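Down below is the structure, laid out as structure tokens.
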Amino acid sequence: MSWSTEPLYPFAGVISPPLDGRRAKPRRSGVTMILDKGLGVNATADVLSTGAAYIDYWKLTFGTSYFYPELVLREKIGLLTKAGIPIYPGGTFLEVAVWENALEPFLDRCVALGFTAMEISDGTVPLSATTRRQAISLALERGLTVLTEVGKKDPREKQSYQLIHEEIEADVAAGAAYVTIEGRESGTSVGIYNDQGGIQEDVVAGILDGVHDPEVVLWEAPQRSQQDWLIRHFGPNVNLANIPPGEAVALEALRGGLRADTLRPCVDPSWSSPKER
């Protein structure tokens, strides 16, 4: 089975994306991370057949990796590796490994299975700064690309902006490629989102205010309205995560202004969405 990992645009020369400037892979900004809750091999291949050129990272969310038949997991990892897409298990899985004092055996097993990246988080299980740095270092030593995450999954556990800034800068200094802002798979009541999934602009500003390099920030944005807001405020090359597998191409259309949400501002620059009026 094969597919193109380079974009092949059948309408090139006839239609141009109204929202221009989209960067092609490999890219540092504008990355799209897929959140996979259990697709089989054939379903994964179907997503790659149309979306491989637009996907930068693929996460087998929370502890789902534990329940795959090993041969299926290896085949699935192989498909993504062939497509040049780093694949990693969810950060919650690593948190369990830390909690059970099995971090190094866990990392070794991930490498043996073929995983090429690792998410390091403490959304549920607290990690000390020392343990967090150690986990980053151990993953890097094994040749894994590291993505970290800041923020808690429980909305009652809010972190100060100062702590968020310190964690982001420390993670990047330790070798993390990106730092994800917690948004969960629901995109509600956590991180930059309110109870209805709307974006709290003051929280976005507060997070970015202390970040030296905004291109390291990866926003979890599972809802279309959240993706729309982030693209219109930060451009087509904003980093977006927790995208459902079947929406990779739809997101690329949103990034290019080939969907009504981002086309309208291109056609009428004075336009604002009803939520912004």
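Among the listed residues THR116, THR64, which satisfies the condition of being polar (S, T, N, Q), closer than 23 Å to ARG133 by Cα and at pLDDT 95 or above?
THR116
Name the one entry in ARG255, ARG259 that is touching a residue at least 40 places away in the same chain (Cβ under 8 Å) and basic (Lys, Arg).
ARG255
Read through the list (1) crowded, with 20+ Cβ neighbours inside 10 Å; (2) within 23 Å of ILE181 (Cα to Cα); (3) of a type in the set (Ser, Thr, Tyr); (4) touching a helix residue (DSSP H, G or I) at 6+ places or on another chain (Cβ under 7 Å), then give the number of the only condition that SER29 fails.
Among (1) crowded, with 20+ Cβ neighbours inside 10 Å; (2) within 23 Å of ILE181 (Cα to Cα); (3) of a type in the set (Ser, Thr, Tyr); (4) touching a helix residue (DSSP H, G or I) at 6+ places or on another chain (Cβ under 7 Å), the lone unmet condition for SER29 is (1).
In the range 1-26, which residues are in contact (Cβ under 8 Å) with a residue 60 or more places away in the chain, surrounded by 12 or more Cβ atoms within 10 Å (Cβ to Cβ) and either closer than 18 Å to ASN239 by Cβ or charged (D, E, K, R) (or both)?
Of everything in the range 1-26, those that are in contact (Cβ under 8 Å) with a residue 60 or more places away in the chain, surrounded by 12 or more Cβ atoms within 10 Å (Cβ to Cβ) and either closer than 18 Å to ASN239 by Cβ or charged (D, E, K, R) (or both) turn out to be LEU19, ARG22, ARG23.
Of all the strands (runs of 3 or more DSSP E) wholly in the range 1-95, which have at least 2 residues that are within 17 Å of the chain's Cα centre (by Cα) and of a type in the set (A, V, I, L, M, F, W, C)?
32-36, 57-60
Identify the residue in the range 141-151 that is more than 19 Å from the chain's Cα centre (by Cα) and under 13 Å from GLU104 (Cβ atoms) and, among all such residues, is surrounded by the most Cβ atoms within 10 Å (Cβ to Cβ).
Applying the filter and picking the extreme gives ARG142.
Can you tell me which residues in the range 185-201 are in a loop (DSSP other than H, G, I, E, B) and either in contact with a Phe, Trp or Tyr (Cβ under 6 Å, 6 or more places away or on another chain) or free of Cβ contacts under 8 Å to residues at least 24 places away in the same chain (or both)?
Matches in the range 185-201: GLY187, THR188, ASN194, ASP195, GLN196, GLN200.
Provide a single number: the residues in the range 95-126 that are under 21 Å from GLY183 (Cα atoms) and buried (at least 19 other Cβ atoms within 10 Å of the Cβ).
The number of residues fulfilling the criteria is 8.
The conditions are (1) out of contact with any helix residue (DSSP H, G or I) (no Cβ under 6 Å at 6 or more places or on another chain); (2) closer than 16 Å to ASN239 by Cβ, and GLN200 fails exactly one of them. Which is it?
(2)
So which pairs qualify, if the first residue must be in the range 113-137 and within 23 Å of PHE67 (Cβ to Cβ), the second must be assigned to a helix (DSSP H, G or I) and of a type in the set (Ser, Thr, Tyr), the Cβ gap must be under 7 Å, and the two must be at least 6 apart or on different chains?
Hits for this filter: GLY114/THR81; THR116/THR81; GLY123/THR92; THR124/THR92.
The values are calculated or read from the model by the stated rules, or taken from the named source; none is laboratory data. What you see is a predicted model, and the numbers here were worked out from it, not measured in a lab. Every residue, glycine as well, gets a Cβ built from its backbone with ideal geometry; the counts of neighbours run over all protein chains shown.
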